[in-house]
Amino acid sequence: GLVANIPGTVFRCDIDADWTMEFLSEAIEELVGYPSSDFIGNRTRSFASVVHPEDRKRLAAEIDVSVSDRRPYTTDYRVIHRDGSVRYVIEQGQAVMNADGRVRLDGAIFDVTERRRAEIEGLKLAAIVESSDDAIVSTQLDGTVTSWNKGAEALFGYTAAEMVGESISTLAP
């Protein structure tokens with residue numbers, strides 16, 4: 001019940017190339033489209049097989065540093081869902097030594113796909129605004145300038161550093 005109420009996937013795995021799972025909560029199925037039983041002991045597939053190929057080396061390196069420094073880690077990477085879509089996750093974990101002396105990772109994985117996609121769209125929009133030759137300016141309701149692009153600099157002759165935080169009435173008192 002406790003694990004089922006966590007808004008993410010809880011795991012315990014070996015520190016190996018496959019991230020061989022000893023325990024993986026049922027929430028993994030929503031995240032990657034495969035049931036947790038597929039991953040236990042690499043029964044059907046390894047967890048490494050759903051980590052995006054471009055993220056595998058970096059993920060392993062970050063976790064290795066955390067394990068060797070004996071500190072918790074937080075990292076982000078992509079996983080590939082059964083349907084082929086890419087999901088963005090944040091993983092938090094720590095190496096733990098069990099009574100049998102084996103060191104494993106305990107942690108949780110959280111789906112941040114919607115937040116990451118919104119960030120990407122925001123970055124795209126910001127790039128469009130910044131590269132536009134048109135003057136694009138945003139203000140607060142009281143007229144305080146909050147953004148000023150290169151087009152506004154060219155048209156009005158003020159840099160963003162000069163205008164952000166100033167009143168838009170500077171242009172037309």
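The values are calculated or read from the model by the stated rules, or taken from the named source; none is laboratory data. What you see is a predicted model, and the numbers here were worked out from it, not measured in a lab. In this analysis, Cβ positions are derived from the backbone assuming ideal geometry, glycine residues included, and neighbour counts consider all displayed protein chains. In case anyone asks, the SASA skips ligands and DNA or RNA and just uses the protein heavy atoms, side chains included. Shrake-Rupley method; radii C 1.70, N 1.55, O 1.52, S 1.80 Å.
Every residue, every condition in (1) closer than 30 Å to residue 41 by Cβ; (2) open to solvent by 40 Å² or more (accessible area, probe 1.4 Å), yes or no:
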{"site": "89", "(1), (2)": "yes, no"}
{"site": "106", "(1), (2)": "yes, yes"}
{"site": "145", "(1), (2)": "no, no"}
{"site": "161", "(1), (2)": "no, yes"}
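Scanning the stretch 24-46 turns up one or more residues that are over 18 Å from residue 107 (Cα atoms) and in contact with a Phe, Trp or Tyr (Cβ under 7 Å, 6 or more places away or on another chain).
The condition of being under 24 Å from residue 13 (Cα atoms) and either surrounded by 15 or more Cβ atoms within 10 Å (Cβ to Cβ) or touching a Gly at 6+ places or on another chain (Cβ under 9 Å) (or both) holds for only one of 71, 116, 78, 58, that being 78. For the stretch 64-92, a residue qualifies if it is at pLDDT 95 or above and either on the phi > 0 side of the Ramachandran plot or part of a helix (DSSP H, G or I) (or both), and exactly one does: 84. Within the stretch 20-50, the only residue that satisfies the criterion of being touching a Ser or Thr at 6+ places or on another chain (Cβ under 6 Å), assigned to a helix (DSSP H, G or I) and charged (D, E, K, R) is 38. Within the stretch 155-173, residues that are over 20 Å from residue 130 (Cβ atoms) reach partners that are of a type in the set (Val, Ile, Thr) and open to solvent by 60 Å² or more (accessible area, probe 1.4 Å) with beta carbons closer than 9 Å, at six or more positions or on different chains, in the pairs 167/139. In the stretch 15-47, the qualifying residues are those that are of a type in the set (A, V, I, L, M) and closer than 13 Å to residue 4 by Cα, and the one that is surrounded by the fewest Cβ atoms within 10 Å (Cβ to Cβ) is 27.
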